[in-house]
Amino acid sequence: MNKLELIQALRDSQNLSKSEATKCLEIFFGEMAKALEKGDRVEIRGLCSLHVKTYKPYKGRNPRSGEKVVVKPKKLPFFKVGTNLKKRVDR
């Protein structure tokens, strides 16, 4: 399912116009992104939780040339599936 299909599902289930449904999704995902930018945790009970994971710098190897490189520290969003979703998928 992609964003357009989510908009269509929201439109159909709530009798909204396409622009209203689009705005709802933009607000929803926008607020989640803002929270993650601030370093907050986002939790949607039964579905998932998201938080920012910090990775320390480390020494890696360029797979093409084989030379050693230093990988800079970074922060990435981390997704953890909720228990209810796990059960629904693993039927």
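Read-outs: derived from the displayed coordinates by stated rules, not from any lab. Remember, predicted model here, so these are calculated numbers, not experimental data. Here the Cβ is made from the backbone with ideal geometry for all residues, glycine too, and neighbour counts use every protein chain on show.
In the chain, with Lys and Arg counted as +1 and Asp and Glu as -1 at Cβ, which of these residues, V42, F29, Q8, has the Cα nearest the positive end of the dipole, that is, farthest along it?
In the chain, that residue is V42.
Evaluate the relative contact order of the chain (contact order divided by residue number), counting alpha-carbon pairs under 8 angstrom at least 6 apart; express in whole percent. Show your work: numbers first, answer last.
On the way: 99 pairs, mean separation 18.8, N = 91.
Relative contact order for the chain comes out at 21 percent.
Set the Förster radius R0 to 41 Å, insert the Cβ-Cβ distance between Q8 and K72 as r into 1/(1 + (r/R0)^6), and round the FRET efficiency to 0.05. Write out the running numbers ahead of the final one.
Values: r = 41 Å, r/R0 = 0.99.
Between Q8 and K72 the formula returns 0.50.
According to the square roots a ≥ b ≥ c of the eigenvalues of the Cα gyration tensor, what is the shape class of the chain, taking rounded for a/c under 1.5, prolate for a/b larger than b/c otherwise, and oblate for the remainder?
prolate
Just in segment 20-62: which trypsin sites (Lys or Arg not before Pro) are loop by DSSP and have at most 13 other Cβ atoms within 10 Å?
R41, R45
Would you work out if segment 52-91 is rounded, prolate or oblate? Take a ≥ b ≥ c from the square roots of the eigenvalues of the alpha-carbon gyration tensor; rounded if a/c is under 1.5, else prolate when a/b is larger than b/c, oblate otherwise.
Oblate.
Count neighbours as other Cβ atoms within 10 Å of each site's Cβ, and list the GluC sites (Glu not before Pro) in the chain that are DSSP loop with at most 11 such neighbours.
Those that pass, being in a loop and sparsely packed, are E67.
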